[in-house]
Every structure is written in C-alpha cells, then in structure tokens.
Amino acid sequence: MKKKLLSVLLCVVLTASMLSGCGKTNKGEGSANTNEGTNSGSNEATATPTTDSSATGASKYKNFITVDVFDTQANYQGIQSGWFAKVVKDRFNMELNIIAPNVAGGGDTLYQTRSAAGDLGDLIFTGTENGRLQDLVTAGLVVDMTDLLKNEQNLAKYQAAIDNTKSLVKEEGTYAIPSAVSSSSPDTPSEGLDLTFGPYVRWDAYSAAGYPQIKTLEDLLPALQKMQQAVPTSDTGKKTYPFSLFKDWDGNMMCLAKQPTCLYGYDELGFVLAKADGSDYQSIIDDNSMYVRVLKLYYEANQMGLMDPESTTQNYDTLYNKYKDGQILYSPWPWLGQAAYNTAENKAAGKGFMLAPIDDMKIFSYGCQPKGNPKYSVAIGSKAEDPQRLADFIDWLYSPEGITMSASQTSGSAGPQGLTWDMQDNKPVLTDFGKEALINGDATMPDSWGGGSWKDGVSQLNYQAVNLLDVNPNSGFPYTHTVWESYLELNKTKLDTDWQTKMNAKTTLDYLKSKDQVLVAPGSTYVAPQESSDITTLRNQVKASIVQYSWLMVFAKDDKEFNSLLKEMQDTVNGLGYADVLKVDMQNAKDQDAARKASLAESK
C-alpha cells in the first residue's frame with residue numbers, strides 16, 4: 001500500500017503497509033485510567049534509553065555519518081529528529097536523512113532519477129514487485145549482505161523468511177530482508193483488534209442521528225447526512241463533512257476510491273480488484289465494478305453536500321488536522337480517525353471514531369505472513385559509507401527493542417519499555433506517560449530522551465519489521481499494546497460503553513467475527529513478477545488517465561456528466577492498451593490467490 005502512516009502516526013501497521021496501495025498513520029485509542037496502578041509520572045519522566053551491547057554509539061562506530069534513507073513508505077522528508085533520532089545516534093553514531101517519494105510528488109520519478117544517477121540511497125526501504133529487486137541487483141545499486149549478516153543474531157531468527165526472499169533474484173546472495181515476519185498462521189488476521197480497513201464514523205454523531213441502519217454501502221449517504229445535520233460544526237466551529245479526500249497516495253487508481261471496496265473483501269493488484277478468497281476478479285473500469293460503484297458513491301455524496309470541497313487540493317497532513325478537529329465524520333481506516341480524534345478527553349465525553357455496522361459488508365483482512373512480506377523489504381545501497389553499521393542497524397530493527405521503538409510511528413507498538421510501558425504483576429501496562437503519548441496522541445519527552453514532542457520524534461521509517469501481534473520475548477505479550485488486557489480495561493469510557501452496548505461486542509474484531517464479516521486473504525510470499533517495458537509504459541499512461549478521470553467523475557456537475565466521463569475514461573484507456581495491461585494483472589491476481597492457498601495448505 002502506498003502508505004502514510006504515515007507522518008501521522010503505519011499495520012502499523014500496521015502494517016502497513018501494509019495498505020495495499022495506500023498507507024497508514026496513527027492508530028491508538030483508549031483513555032487514561034488512574035486505577036491502572038502504573039507508576040506515576042515522575043519515574044517515567046526519568047526513564048532513559050537502554051544500552052544495546054551490540055551497538056554502543058561512538059565507542060564502536062568512530063565516525064559520525066549521515067545515512068541517506070530512500071523510503072517509499074515514509075511520509076516525511078529530511079533529517080529524522082527527536083527521540084528516535086537520539087536513540088539512533090546513541091547506538092549507531094549516525095543520523096537518518098529520509099528521502100521520501102510520497103513527499104516528493106509520489107510515483108516512481110524520484111526512484112528512477114536516483115537509480116539513473118547510480119545511487120538510490122545508503123539504506124533502502126522499497127517494494128520489490130515487478131522485478132524491482134532484480135533491477136536493483138542488476139544495476140549494482142544494492143549490496144549482497146551475506147557476509148554482513150554473519151553475526152547478526154536478531155535477523156538469524158528470521159532466516160527462513162530471508163531465504164525465501166532470495167528467490168526474487170537470480171544471483172546468489174542476500175540482497176533484501178522482508179518486512180512483517182510473523183509466527184502466526186496465514187489465515188490469522190494480522191492487524192489486531194481493528195482491521196486495516198473499515199467504515200469508521202464519529203460515533204457521537206451517529207448516536208445523535210439515532211443510529212440509522214446501514215444495510216449496504218449506499219445507505220452510508222443518508223446516515224452520514226443525518227450525522228452532519230446532528231453535528232454541523234467541528235470542535236473549532238468549522239463546517240463538518242462526512243467525506244474528505246486527498247491525492248497523495250494515488251497510483252494505479254484513485255486511492256481513496258479503492259478503500260471502500262475493501263469493505264466487501266476486495267483489494268487491488270494493478271488494475272484488478274481481487275477478492276480475498278479468490279471468488280471474484282474485477283476490472284476496475286467496468287460499469288459494474290466496485291471501483292466505479294465507489295466513484296458513484298462519492299459523486300452522490302458531493303451532490304448532497306457531504307464531500308469536503310478542499311479534497312482536490314489538500315494533502316494528507318491537512319486532512320489529518322481536520323480529523324483532529326472533528327471536522328470529518330467518516331474514516332476509511334481506524335488508524336486515521338481514531339488516531340487523530342480518540343483522545344482520552346474526547347472519549348470520556350462520548351466523542352470519537354468507532355466502527356459503524358453495515359449489514360452486508362465482509363471486510364478484507366491481511367493474513368499473517370510466516371515468511372514475511374517480501375513485497376516491502378529493506379536493503380543496503382552499494383554506495384553506503386559503512387555497510388556493516390547499516391547491517392547492525394537493520395538487525396536492531398528486528399530486535400525486541402527495535403521493534404517496539406521503530407514501529408511506534410503508527411502507535412501500533414507499545415514504544416520503549418520503562419517510558420511508555422512497563423511490567424506490573426507480570427503483565428505489561430501503559431505508564432501515565434504512555435497513556436498521554438499513545439492514547440492522547442502526544443506528550444512532551446523527558447530531557448533524558450532529548451525533550452521535544454513524542455509524536456514529532458517517532459520513527460519516520462514507517463517500517464514494520466515483525467508483525468506486532470507476535471510475542472515480545474522480553475514481556476511474554478504481543479508487541480502491540482492494543483491487545484493487552486490492561487489496555488482493553490481502559491476502554492470503559494462513555495464512547496466505548498455506548499458502542500459496546502449498541503454493537504453487543506467488546507471489540508471491533510469481536511463484532512466482525514460474530515457477524516461473519518471478516519474475509520482473510522491468507523498471508524503468502526507472492527510478489528508480482530517483472531512485467532515487460534512495453535506493459536510498464538502502457539500502465540503509466542493508463543493509470544494517469546484513470547486517476548484524472550476518477551477525480552473528475554467524483555466532482556461531476558450532474559449524472560449526465562458523470563456517465564459521460566466514465567465512458568470517456570473507458571474509451572481513452574482502452575485506446576491506450578488497457579486490455580493488454582489488464583491481462584497481465586488478471587493473471588497475477590490469480591497466481592496470487594494460488595500462492596495464498598498454497599501457503600495456507602503448507603501451514604496445516
């Protein structure tokens with residue numbers, strides 16, 4: 001998924017990326033609970049970074065270096081700052097200069113430009129589909145890490161996943177490390193208590209509207225209209241809108257028009273929408289496709305005054321601030337609306353984003369990947385000044401400490417032990433500082449951690465090395481605090497109890513499972529193979545037209561113009577060779593399904 005989680009803070013999750021085609025940001029909900037029994041603030045404020053014996057800063061790495069990090073999922077560009085920068089400096093005597101295509105206009109332009117110059121980056125976080133990893137190896141842009149990894153103890157635990165990724169390259173050697181490695185079975189949802197996708201609404205507005213029934217996707221519109229009427233202004237007095245869009249993550253299609261298709265079990269692969277169980281494959285431009293159905297939904301929403309008129313010009317950060325103000329009433333992801341608005345104060349007042357019930361939905365869920373997700377991997381650039389130091393850093397990212405610290409951008413992981421959480425009665429609990437940082441969304445860091453804002457200092461890598469549902473050996477509990485018993489006990493606010501009473505469930509996943517509304521795509525190591533240069537050229541032309549027309553259709557003046565634009569889009573892309581690209585994508589989608597089924601069979 002193109003990906004933000006972005007600077008806002010991804011399943012993670014994360015994941016990420018795990019948003020196929022799009023990215024994520026914060027995630028976190030709950031409320032402070034003074035009866036939790038955690039140590040109080042003064043002790044937490046003096047917590048300091050622990051020393052990792054395998055990385056001892058300037059005493060081990062004599063020269064301070066700046067590492068250029070090419071990161072296709074990052075949503076921040078420039079030098080990493082704040083507390084995570086201090087951790088990296090203390091352990092590795094280096095700083096991270098993040099180069100982010102998402103920030104630099106999106107697409108592959110930055111990748112192509114830097115690749116042509118022979119230096120993509122010192123540390124490279126990138127997708128590997130369509131032969132990209134092989135291209136990097138062939139062009140001499142990445143190094144074989146075999147010798148560099150000989151003494152890396154954390155990565156050694158994931159050797160099977162690393163070996164599997166080797167198959168993406170014809171040369172012998174280790175050129176990339178896959179993300180999201182998991183110890184769970186492929187048919188286990190990888191996201192935790194909230195899936196990556198879902199219809200999340202301002203529950204207080206939904207309640208004020210009388211909990212209108214939503215039988216199907218189109219019924220969202222009258223329900224959201226009633227919500228807008230019930231809560232017409234944001235916390236600062238601005239007009240509310242149910243829908244608000246942005247263009248940052250558009251790729252083969254309009255990213256925000258793809259998201260609601262996931263409510264019915266679909267995810268994208270090129271120009272195909274493939275159902276998680278392999279039961280259906282759709283061309284996105286077909287009249288009756290789920291993609292066109294969502295474009296029609298957005299068009300009708302705009303006609304009803306439910307669409308933010310700034311959708312065509314704003315970026316993700318602007319959008320996030322609107323969610324933070326309570327100006328937007330619908331969120332396609334939990335890690336957007338909840339991260340921005342579900343503060344302890346708001347939840348105590350009964351305000352916040354929660355899953356809305358749509359009677360006929362069956363939400364797509366990414367299954368866990370025992371051999372990791374080779375679609376998004378990390379590599380070391382061939383021009384790196386100190387490749388061994390970077391190998392040590394990657395190894396640290398896969399350590400328990402690295403997992404908790406670097407994945408915290410999405411608030412999916414619990415953060416540093418002793419600061420945001422600690423053990424009490426042999427169970428992990430959030431500290432008072434942790435509640436501020438992970439539930440309220442921000443806190444002022446102690447001086448011993450460099451000061452500044454928690455949120456501003458989180459890792460901007462947006463990389464989940466290991467699935468956060470896996471068990472942290474240092475605690476005996478999952479890396480993500482969102483499934484801890486102590487965290488769930490915090491969900492007793494006015495908002496939580498109203499939702500739980502209305503939905504007759506304790507958590508989102510409990511509700512969805514009780515209604516048989518989860519469709520898991522078994523985790524596999526499938527990576528789309530390299531396509532011909534002719535197909536790539538056609539794809540680039542076609543997707544530009546699809547994205548352009550999609551936005552025009554959403555803001556069409558009337559039905560006649562909408563239908564005319566749809567026909568024009570279809571004729572245009574068909575004339576550009578859409579059918580040739582679709583044939584490739586359709587075969588890839590079917591091969592992906594076969595890989596998923598094989599992965600599931602292998603795990604039994």
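The values are calculated or read from the model by the stated rules, or taken from the named source; none is laboratory data. These figures come from a predicted structure and were not determined experimentally. Reconstructed Cβ throughout: ideal geometry from the backbone, glycine too, with neighbour counts over all protein chains shown.
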Q) Can you name the number of the only condition in (1) touching a Pro at 6+ places or on another chain (Cβ under 9 Å); (2) surrounded by fewer than 20 Cβ atoms within 10 Å (Cβ to Cβ) that residue 97 fails? A) (1)
(Q) Take the conditions touching a Phe, Trp or Tyr at 6+ places or on another chain (Cβ under 9 Å), of a type in the set (Asp, Glu) and within 19 Å of residue 82 (Cα to Cα) and apply them to residue 436. Does it pass? (A) yes
Q: Considering every residue within the range 131-150, establish whether at least one is of a type in the set (A, V, I, L, M), surrounded by fewer than 20 Cβ atoms within 10 Å (Cβ to Cβ) and within 30 Å of residue 316 (Cα to Cα).
A: no
Q: Just one of (1) surrounded by 21 or more Cβ atoms within 10 Å (Cβ to Cβ); (2) touching a Leu at 6+ places or on another chain (Cβ under 8 Å) trips up residue 293, so point out which.
A: (1)
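Could you tell me whether residue 520 is of a type in the set (Val, Ile, Thr), outside the structural domain of residue 134 (by TED's automatic domain parsing) and not in a loop (DSSP other than H, G, I, E, B)? First the steps, then the outcome.
Working: of a type in the set (Val, Ile, Thr): yes; outside the structural domain of residue 134 (by TED's automatic domain parsing): yes; not in a loop (DSSP other than H, G, I, E, B): yes.
Yes; evaluated as a whole, the condition is true for this residue.
State all residues of the range 167-183 that are in a helix (DSSP H, G or I) and surrounded by 16 or more Cβ atoms within 10 Å (Cβ to Cβ); if no residue qualifies, say none. Talk me through it step by step, then tell me what you get.
First, the residues of the range 167-183 that are in a helix (DSSP H, G or I): 167-168.
If the condition is that a residue be in a helix (DSSP H, G or I) and surrounded by 16 or more Cβ atoms within 10 Å (Cβ to Cβ), then 168 is the only one that fits.
Results for (1) in contact with a strand residue (DSSP E or B) (Cβ under 7 Å, 6 or more places away or on another chain); (2) within 28 Å of residue 334 (Cβ to Cβ); (3) among the aromatic types (Phe, Trp, Tyr), shown as yes or no for each residue.
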residue: 161; (1), (2), (3): yes, yes, no
residue: 166; (1), (2), (3): no, no, no
residue: 169; (1), (2), (3): no, no, no
residue: 172; (1), (2), (3): no, no, no
residue: 176; (1), (2), (3): yes, no, no
residue: 180; (1), (2), (3): yes, yes, no
residue: 188; (1), (2), (3): yes, yes, no
residue: 193; (1), (2), (3): no, yes, no
residue: 196; (1), (2), (3): yes, yes, no
Q) List the pairs whose first member sits in the range 305-319 and is assigned by TED's automatic domain parsing to the domain that holds residue 335, whose second member is among the β-branched types (Val, Ile, Thr) and assigned to a helix (DSSP H, G or I), and whose Cβ atoms are under 9 Å apart, counting only residues at least 6 apart or on separate chains? A) 307/554; 310/318; 311/554; 312/554
Q: Scan (1) among the charged types (D, E, K, R); (2) under 29 Å from residue 551 (Cβ atoms); (3) not in a loop (DSSP other than H, G, I, E, B) for the single condition residue 204 breaks and write down its number.
A: (2)
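Would you mind listing the helices (runs of 4 or more DSSP H) fully within the range 359-459 where at least 1 residues are farther than 19 Å from residue 155 by Cβ?
Details: elements: 387-397, 400-406, 454-457.
Answer list for the range 359-459: 454-457.
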Q.
When you scan the range 217-235, do you find a residue that is out of contact with any Leu (no Cβ under 9 Å at 6 or more places or on another chain), closer than 18 Å to residue 520 by Cβ, acidic (Asp, Glu) and outside any loop (DSSP other than H, G, I, E, B), even just one?
A. no
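Go through 415, 381 for me and flag whichever is surrounded by 23 or more Cβ atoms within 10 Å (Cβ to Cβ) and under 30 Å from residue 168 (Cβ atoms).
One residue alone meets the criteria, 381.
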Q | Given (1) of a type outside the set (S, T, N, Q); (2) crowded, with 24+ Cβ neighbours inside 10 Å; (3) within 28 Å of residue 349 (Cα to Cα), index of the condition residue 432 fails | A | (2)
Q | Those residues of the range 322-336 which are outside any strand (DSSP E or B) and of a type outside the set (A, V, I, L, M, F, W, C), in sequence order | A | 322, 323, 324, 325, 326, 327, 332, 334
Q: Please specify each residue of the range 552-570 satisfying the condition of being assigned to a helix (DSSP H, G or I) and under 34 Å from the mean Cα position of the chain (by Cα).
A: 552, 553, 554, 562, 563, 565, 566, 567, 568, 569, 570
Q: Search the range 552-578 for residues that are in the same structural domain as residue 252 (by TED's automatic domain parsing) and modelled with pLDDT of 95 or more and pair each with any residue that is outside any helix (DSSP H, G or I) and charged (D, E, K, R) when their beta-carbon atoms are under 9 Å apart and the residues are at least 6 apart or on different chains.
A: 566/287; 570/286; 570/287
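Does at least one position in the range 279-288 carry a residue that is at pLDDT 95 or above, within 24 Å of residue 209 (Cα to Cα) and either part of a helix (DSSP H, G or I) or assigned by TED's automatic domain parsing to the domain that holds residue 503 (or both)?
Filtering the range 279-288 down to residues at pLDDT 95 or above leaves 279-288.
Cutting the leftovers down to within 24 Å of residue 209 (Cα to Cα) gives us none.
Looking for residues that are at pLDDT 95 or above, within 24 Å of residue 209 (Cα to Cα) and either part of a helix (DSSP H, G or I) or assigned by TED's automatic domain parsing to the domain that holds residue 503 (or both), one finds none in the range 279-288, hence no.
Yes/no matrix, rows are residues, columns are (1) closer than 27 Å to residue 269 by Cα; (2) in a loop (DSSP other than H, G, I, E, B):
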position: 102; (1), (2): yes, yes
position: 110; (1), (2): yes, no
position: 113; (1), (2): yes, no
position: 119; (1), (2): no, yes
position: 137; (1), (2): yes, no
position: 144; (1), (2): no, yes
position: 150; (1), (2): no, yes
Q: Go through the range 509-537 and count every residue that is closer than 20 Å to residue 584 by Cβ and of a type in the set (Asp, Glu).
A: 2
**Q.** Number of the condition not met by residue 339 [criteria: (1) within 20 Å of residue 70 (Cβ to Cβ); (2) at pLDDT below 95; (3) of a type in the set (A, V, I, L, M)]
**A.** (1)
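I'd like to know if the range 200-216 contains one or more residues that are within 24 Å of the chain's Cα centre (by Cα), within 30 Å of residue 523 (Cβ to Cβ), buried (at least 22 other Cβ atoms within 10 Å of the Cβ) and assigned by TED's automatic domain parsing to the domain that holds residue 357.
yes
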Q. Hey, does the range 405-422 have a residue that's in contact with a Pro (Cβ under 7 Å, 6 or more places away or on another chain) and closer than 30 Å to residue 258 by Cβ?
A. no
